[in-house]
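All of the numbers you see were taken from the coordinates with simple rules; none came from a lab. The shown structure was predicted, so the numbers you read here are calculated from the model rather than taken from an experiment. Cβ sites come from the backbone with ideal geometry, for glycine too, and all protein chains shown count toward neighbours.
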Amino acid sequence: MVVPGEARLPKNNCQILLFGANGQLGTKLNTLLATKGTVRAIGHAELDLRDLPKLRTLILETNPALIINAAAYTAVDAAESDAENAQLVNAQAPRVMAAAASECNALLVHYSTDYVFDGMAQSPYTEESPVSPLGVYGASKLAGEQAVAASGAAHLILRTAWLYSNRGKNFLNTMLRLATERNELRVVNDQNGSPTYADLVAEASMQMLDGMLLDGKLRTERCGLYHLACQGETTWHGFAQRIIEQAGFGERVRVLPITTNDYPTPAKRPAYSVLSTSKLERVFGIRLPYWEEGLMRCLSERAVQK
Ligand SMILES: NC(=O)c1ccc[n+]([C@@H]2O[C@H](COP(=O)([O-])OP(=O)(O)OC[C@H]3O[C@@H](n4cnc5c(N)ncnc54)[C@H](OP(=O)(O)O)[C@@H]3O)[C@@H](O)[C@H]2O)c1
């Protein structure tokens with residue numbers, strides 16, 4: 001087993017391997033990582049992570065000092081009837097990444113989810129809170145976390161929540177599309193969480209990487225599990241309402257609250273999945289803004305992109 005302290009330093013100009021390079025989070029990471037080293041950005045087309053031997057070979061051949069895994073099987077409902085693939089991508093592939101990271105003495109940054117919790121809590125979940133996923137997706141992500149933690153590789157496991165961005169399939173993009181098609185949206189009002197702009201997670205990840213180094217040494221005591229999400233909380237209905245108002249549809253589109261029972265889905269979701277991020281603040285001095293601020297920034301960047 002490699003002692004994390006022996007991990008090479010992910011300092012400037014190192015080899016970096018990024019998985020999930022075309023996802024909402026991976027796309028932003030890809031642009032930011034370019035300032036940190038030579039990035040080999042791997043998308044689904046280049047490597048299917050279910051091909052575990054190929055994954056291992058690619059890592060060992062690249063011999064990176066830093067591996068970032070932003071890839072995941074994120075289709076929460078589809079996972080219920082596709083557990084084998086969810087397990088392969090979310091649990092087995094991270095296990096292989098971590099083992100190979102250990103062999104290369106690389107630092108592994110791996111992302112996980114608030115869906116490892118069952119949602120029965122009434123105050124924010126900490127990194128020590130008991131986990132009890134309600135569905136296949138959450139269980140597969142938890143297995144991935146556990147494999148990384150047990151690997152002996154130097155690692156950061158970053159649990160985030162309710163991710164959205166201006167790219168890809170997500171709640172924000174769905175609401176904005178529906179708002180052009182309908183005058184009334186019905187959105188679940190009994191699940192609470194913290195909507196988090198993916199770009200903020202990518203930026204905080206860069207700050208965390210900087211914070212992993214001190215006097216030319218990797219701060220191995222900072223390895224481990226962290227919650228990384230925006231401050232504050234709302235429901236999907238509250239989030240939708242704010243999106244509709246901020247995007248200028250407020251006059252025409254009404255957002256009506258419904259219950260989870262009114263909108264049955266294959267996967268059960270936690271009723272409450274707010275993450276306490278005080279460990280992140282205590283150790284790294286990093287605190288993401290309130291979710292409303294994140295949304296304003298995302299929408300303003302969307303306007304600029306168009
Ligand atoms: N989205 C959320 O609300 C949320 C919430 C909490 C935590 N997270 C976690 O945050 C991280 C980033 O999520 P995200 O929202 O950025 O995800 P995303 O947009 O769905 O991106 C995931 C990427 O993984 C790739 N991928 C999936 N299966 C693959 C396979 N078999 N081989 C290779 N690549 C594969 C996808 O490629 P294709 O699209 O081509 O399949 C996609 O580019 C993940 O760990 C996720 O579990 C997400």
With angles folded into 0 to 90 degrees, how steeply does helix 171-181 sit against the dominant principal axis of the chain? Use alpha carbons for both and round to 10.
30 degrees
Pulled fully out, how much extra length does the chain show between Gln122 and Ala75, if you take 0.36 nm times their separation in residues and subtract their Cα-Cα distance?
14.3 nm
Using alpha carbons only, how many degrees (0 to 90, rounded to 10) separate the axis of helix 24-33 from the longest principal axis of the chain?
40 degrees
Once both label points are put 7 Å beyond Cα along the C-beta direction, the Gln305-Thr220 separation in nm becomes 4.0 nm
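Multiply the residue separation of Tyr290 and Thr31 by 0.36 nm, subtract the distance between their alpha-carbon atoms, and state the gained length in nm to one decimal.
Working: separation 259, 0.36 × 259 = 93.24 nm, distance 2.38 nm.
Contour length minus Cα-Cα distance gives 90.9 nm.
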Most exposed first by the Cβ proxy, i.e. fewest other Cβ within 10 Å, how do Asp51, Asp199 rank?
Asp51, Asp199
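Assuming R0 = 30 Å, what is the FRET efficiency of Lys54 and Leu213, from their Cβ-Cβ distance, to the nearest 0.05?
For R0 = 30 Å, the calculated efficiency reads 0.45.
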What's the lysine pair count for the chain at a Cα cut-off below 19 Å, pairs eight or more apart or interchain?
8
Could you tell me what percent of the DSSP beta bridges with both partners in the chain are antiparallel, to the nearest 5?
10 percent
Output needed: percent of Cα pairs per 5 Å distance bin for segment 138-245, bins running from 0 to the one holding the longest distance.
2, 10, 16, 17, 17, 13, 9, 7, 5, 2, 1, 0
Ranked list, fewest to most other Cβ atoms within 10 Å of each Cβ, for Arg302, Arg159:
Arg302, Arg159
Given the alpha-carbon gyration tensor of segment 38-142, what are the semi-axes of its equivalent ellipsoid in whole angstrom, ordered largest first, with each equal to the square root of 5 times an eigenvalue?
27, 17, 10
All Cα pairs of the chain, percent lying beyond 28 Å
37 percent
Pick out, from Met206, Leu142, Asn173, the residue whose Cα sits farthest towards the positive end of the charge dipole of segment 139-207, with +1 on the Cβ of Lys and Arg and -1 on the Cβ of Asp and Glu.
Asn173
Given the options Thr180, Thr27, Thr196, state which has the largest fluctuation in a GNM of the chain using a 10 Å cut-off (strictly under) for Cα springs.
Thr180
GluC sites (Glu not before Pro), restricted to segment 88-138: which are DSSP loop and have at most 13 other Cβ atoms within 10 Å?
Glu128
Simple SL model, points at 7 angstrom along Cα→Cβ for His44 and Ala149; separation in nm is 2.9 nm
Residues Val109, Val188, Val304, sorted so that the one with the fewest Cβ neighbours within 10 Å comes first
Val304, Val188, Val109
